[in-house]
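Below: one structure, written as structure tokens.
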Amino acid sequence: MTLADLDALFARRYSCRGFRPDPVPREIIEAIVNAARKMPSWCNAQPWQLTITSGAETDALREALWDQAMAGGHDPDLPFPSGYSGVYQQRRRTCGWQLYEAVGVEKGDRAGSAKQMMENFRLFGAPHCAILSSPAELGPYGAMDSGGFVAAFALAAQAAGVASIPQAAVAAHGAFLHDYFDIPEDRLILCAISFGYADPDHPANGFRTERAGVDDIVDWRG
């Protein structure tokens, strides 16, 4: 694989928000995880652990998550950002309005934007969901390493023709997920990754976010 090939793979990947119901064969899921597990980690700790649902298990999770979200409140294991300012706020807003415009939600339509946000808890119709956790004792370093695994999983999935979307919204209900999947309290639930085959006709899949340029993210010193 050349750098151009890798760059093209990155360019094809996007956060899918509309999936077909067709399940991904187990051997393909295993191949995706097998590729992603080769990511580097601090002291080779490899802190990531996945709980992956399929079929009726995904549907049951979808229903339970929806009920949990409708009850209100959130209790993430990993603290959410304290705020977004400057260019980070601008990028967040741009992404949000791209999505709302794609699905027909007009500015000021709070009910419409809330309805779209709740699609997180339907897992956007994905047939599979992976809950990712890391040992609490590794703290930010375990979370950082696991972030690399999330990127690797998404890219490996894309290479296999499988769409995905990492979701912080699902991990906002940490206590529920610990109880639902019997995930030990000494692990931090970091995010979910919903995945499956993309529905190319779903309007939420009709836009792509922009990326900052090289000179926007590099401070050249020589």
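The numbers here are math on the coordinates, done by the rules we state, and not lab data. Source: prediction; values computed, not measured. Glycine gets a Cβ as well: all are built from the backbone with ideal geometry, and neighbour counts include every protein chain shown.
Remarks
- Only one entry of Asp201, Asp182, Asp186 meets the criterion of being within 18 Å of Leu99 (Cα to Cα), over 17 Å from the mean Cα position of the chain (by Cα) and surrounded by fewer than 19 Cβ atoms within 10 Å (Cβ to Cβ), and that entry is Asp201.
- So Asp77, is it surrounded by 14 or more Cβ atoms within 10 Å (Cβ to Cβ), among the acidic types (Asp, Glu) and more than 20 Å from Asp199 (Cα to Cα): yes
- Search result, residues across the range 145-162 that are out of contact with any helix residue (DSSP H, G or I) (no Cβ under 7 Å at 6 or more places or on another chain), at negative phi and surrounded by fewer than 19 Cβ atoms within 10 Å (Cβ to Cβ): Gly147, Gly148, Ala151
- Unique residue being among the aliphatic types (A, V, I, L, M), on the phi < 0 side of the Ramachandran plot and part of a helix (DSSP H, G or I) when the list is Val87, Val105: Val87
- Residue match in the range 41-64 (condition: under 25 Å from Phe181 (Cβ atoms), charged (D, E, K, R) and not in a helix (DSSP H, G or I)): no
- Of all residues in the range 115-144 being on the phi > 0 side of the Ramachandran plot and touching a residue at least 60 places away in the same chain (Cβ under 8 Å), the one that is farthest from the chain's Cα centre (by Cα): Gly125
- Sole residue being surrounded by 17 or more Cβ atoms within 10 Å (Cβ to Cβ) and either in contact (Cβ under 8 Å) with a residue 40 or more places away in the chain or among the β-branched types (Val, Ile, Thr) (or both), chosen from Ile217, Ile165: Ile165
- Test: Ala143 is under 22 Å from Leu99 (Cβ atoms) and of a type in the set (Gly, Ala, Ser): no
- Once the range 106-144 is narrowed to residues that are aromatic (Phe, Trp, Tyr) and over 15 Å from Pro47 (Cα atoms), the residue that is surrounded by the fewest Cβ atoms within 10 Å (Cβ to Cβ) is Phe121.
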